[in-house]
Every structure is written in structure tokens, then in C-alpha cells.
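The next block holds one structure in the form of C-alpha cells; read it before the comments.
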Amino acid sequence: MSLIDYFTEDHHACDETWAEVERLVDEGQAAAATAAWARFFGEMERHFTMEETVLFPAFEEATGMAGGPTQVMRMEHQQMRGLLEQMNGAAASGDLAGLVELGDTLLMIIQQHNKKEEGMLYPMCEAHVGDSWDSMHAACEAVGPKPA
Ligand SMILES: [Fe+2]
């Protein structure tokens, strides 16, 4: 699997987990929804960590562009982490309606963010560091397993 496919598929996996959270909340399955939420939270943090500790540094080193697109992506990750923490608070207090409401905002940010990564940043990464993808892939996997 290529660099672009790997990260794009991971975006889709996170999207699917969030859709599952929404569905379970809709169905009133609170325990299952809370479990799916915990999985989503872990999947998002894992994705951010793979980008911030493996992909972005490789790109920044290869291009000398540390204040460019990766910095914007890092800032957006922080913005999303803020929302995710708020959502965690809602989930922890059993406020699943609040969780889903905050999730609407998160989803809008995610969609914009992923569009930028998939449309621009990942192709740039492929062009500049695609040759080292094998070792980067191993480093990404070493970040940890996908939350079960
Ligand atoms: Fe991403």
C-alpha cells in the first residue's frame, strides 16, 4: 500500500468509526456507543501521532519546509484535540447527545482537514519522501496497534 493510500484509508477508518458512534447513539445503545467512542478517540490520536512523529518530520527534513503545510496541519490537529477532549468529557458524563453535537463540529473540521491532506499534503509527501515509505510505514505501525 502506498503512503497516500495508507493515510487516506486511515482517514476512512476513523470516519467509519465515528458513523458507528452516531448510529449507536441514535439507537439508544449507550454502552456500545461509549465503547465505539473510546475506539474513535484512540484511532484519531493514533492517526495524529503517526503524522506528527513520522510523516511530517520526514517531509520537513526532506523539503526544509518546517513552517509550511505541516505546521498548518499540526495546528489543526491541536484544534481537533481540543474538541476531542470536550467530547471525552461529554462521553464520560454520559451526555451522548452532547457528544454527537460536538461531533458535528468536529466532523466539519475533519472533512476540511482531510481534503487538504489528501488533495495536497499526501501527494507532496509521496513526491518528496515516497522512496522511504517502507521504513516510514514500519515506524507508523510501531506507533501502536489500532484500538480494538
Ligand atoms: Fe490525516
Residue pairs meeting the criteria (Cβ under 7 Å; at least 6 apart or on separate chains; first crowded, with 19+ Cβ neighbours inside 10 Å, in the stretch 14-25; second aliphatic (A, V, I, L, M) and at pLDDT below 95): none
Residue list for the stretch 103-121, filter: among the aliphatic types (A, V, I, L, M) and surrounded by fewer than 18 Cβ atoms within 10 Å (Cβ to Cβ): LEU107, MET108, ILE109, MET120
Filtered residues of the stretch 117-148 (kept if assigned to a helix (DSSP H, G or I) and closer than 18 Å to ARG81 by Cα): GLU117
Where ALA66 falls short, out of the listed (1) aliphatic (A, V, I, L, M); (2) in contact with a Leu (Cβ under 9 Å, 6 or more places away or on another chain); (3) more than 11 Å from the ligand (Cβ to nearest atom): (2)
Any chance MET75 is out of contact with any Asp or Glu (no Cβ under 7 Å at 6 or more places or on another chain), surrounded by fewer than 18 Cβ atoms within 10 Å (Cβ to Cβ) and hydrophobic (A, V, I, L, M, F, W, C): yes
Per-region count, the stretch 31-60, residues more than 14 Å from the ligand (Cβ to nearest atom), over 25 Å from ALA97 (Cα atoms) and touching a residue at least 12 places away in the same chain (Cβ under 8 Å): 1
Matching residues in the stretch 1-30 - criterion: being away from the ligand (no atom under 16 Å from the Cβ), under 21 Å from PRO145 (Cα atoms) and acidic (Asp, Glu): GLU20
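The values are calculated or read from the model by the stated rules, or taken from the named source; none is laboratory data. Here the structure is a predicted model, which means the values were calculated and not measured. Virtual Cβ from ideal backbone geometry, glycine too; neighbours counted across all protein chains shown.
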